[in-house]
Amino acid sequence: MQYVGNVIRPPSEADSIILQVTVGCSYNKCTFCGAYKDVRFALKDEEAIRQDLLFARRYCRNANRLFLADGDVLILSQKRLIRLFLLIREHLPRINRISLYGNARAIRGKSAAQLSELKSLGLSRVYMGLESGCDLVLGSIDKGETAKSQCAAAASIRQAGIFLSITALLGLGGVSLSERHAVETGKVLAAMAPHQIAVLTLIPLENTQLGRDVLSGKFVLPGPDLILQELYLLLYQLTGIRCQFHANHASTYLPLAGRLPKDRDELLKRIQQAMNGAVALVPEQRRAL
């Protein structure tokens, strides 16, 4: 496979073939994200993509899932996306799940009919980064979105019958907005009613503006106790929805996973135990992105 730069995929795509369709992110302004800071956004040549599909057909015979990288494949025109999905069907007919990252702007750029068409061609799952449901936090990280605009994008994916996975990021409000960030994020997640929620914890990166703000003291990073409180407050808002809940990313202090609403009370109890010191946290040196 011909990869350019960092190729990033969600944890649940660990067993998927990774097909790089775009390089980098077309937005690339979020102050916390360092994944593509040194890469100019570009569309990969269709012939290069075809060669990668031929490689996958020959050497990835046991895989039946495909993840389309990098961070912004859905930004492609509908015409080009249709050609891509037909090419996948031609060369990898055994694939039964195609997934990709979709930012809210790209999702809103597709009509309901276009999203339904992509589903009919094999698009099974969209991963969207909410990050925060608090507009003050979204503004501070230059997300270019509001809670309302992201809820609209989430609704479009759900209405198209596509599996929706939403990511939120603990710690993103710093100390000053910690409680508001957690509560409002939980409320927005409940309103979105995704099929899966993935909660990560902020780890500042040196190549980002937020990382530099931490070093200068402009942004005060919440400690483990405050992060646990955020996790509790966020989960507490998640009533009336059925979904998978994952807070077991490598960045977390307290790995949790379960199904809502079935496991909600037990998960909240586990967080309380950790807050009281009865459950050990992941050591700082073992946390990673």
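Read-outs: derived from the displayed coordinates by stated rules, not from any lab. Please read all numbers here as calculations on a predicted model, not as lab measurements. Note: ideal-geometry Cβ built from the backbone for every residue, glycine included; neighbour counts use all protein chains shown.
Taking a label point 7 Å from the Cα of N6 along the Cα→Cβ vector, which residues of region 244-272 have an amide N closer than 18 Å to it? Label zone hits: 249-252. Sites listed here are trypsin sites (Lys or Arg not before Pro) in region 187-289 whose DSSP assignment is loop and whose Cβ has at most 13 other Cβ atoms within 10 Å: K218, R242, K262.
Of the residues H181, H246, H195, the one with the fewest other Cβ atoms within 10 Å heads the list, and the complete ranking is H195, H246, H181. Here the dipole of region 197-289 is about 240 debye; that uses its Cα centre as origin and unit charges on the Cβ of Lys and Arg (positive) and Asp and Glu (negative). Placing unit charges on each Cβ (+1 for Lys and Arg, -1 for Asp and Glu) gives the chain a dipole about its Cα centre, and among P283, L81, V199 the Cα reaching farthest toward its positive end belongs to L81.
Please get the size of the charge dipole for the chain, origin at its Cα centre, with Cβ charges of +1 on Lys and Arg and -1 on Asp and Glu, quoted in debye to the nearest 20.
On the way: 36 positive and 25 negative charges, 198 e Å.
In debye, rounded to 20, the chain gives about 960.
Near S16: Cβ cut-off under 11 Å, other residues only, Lys/Arg at +1 and Asp/Glu at -1. The net charge is +2.
First select every other residue whose beta carbon is under 15 angstrom from the beta carbon of R57; then total the charges, Lys and Arg +1, Asp and Glu -1. Walk me through the numbers before you get to the answer.
Numbers: positive: R50, R58, R61, R65, R89, R94; negative: D52, E90.
It works out to a net charge of +4.
Taking other C-beta atoms within 10 angstrom as a stand-in for reagent exposure, S178, S111 fall in the order S111, S178, fewest first.
Using the Cβ-Cβ distance between E47 and R108 with R0 set to 41 Å, the FRET efficiency from 1/(1 + (r/R0)^6) comes to roughly 0.85.
Which one, Y127, A112, S156, is farthest towards the positive end of the dipole of the chain when Lys and Arg carry +1 and Asp and Glu -1 on their Cβ? In the chain, that residue is A112.
Quick one: if the Förster radius is 51 Å, what FRET efficiency do N276 and N28 give, using the C-beta to C-beta distance and rounding to 0.05?
On the way: r = 41 Å, r/R0 = 0.81.
For R0 = 51 Å, the calculated efficiency reads 0.80.
Applying a 4.7 Å cutoff between beta carbons, the unpaired cysteines of the chain are C25, C60, C134, C151, C243.
Excluding same-chain neighbours fewer than eight residues apart, the lysines reachable from K29 by a Cα-Cα span under 18 Å are K37, K143.
Remark: L228, L130, L172 ranked as L228, L130, L172, counting other beta-carbon atoms within 10 Å and listing the fewest first. Taking the Kirkwood radius as Rh and the Cα radius of gyration as Rg, region 1-156 has a ratio of Rg/Rh equal to 0.96.
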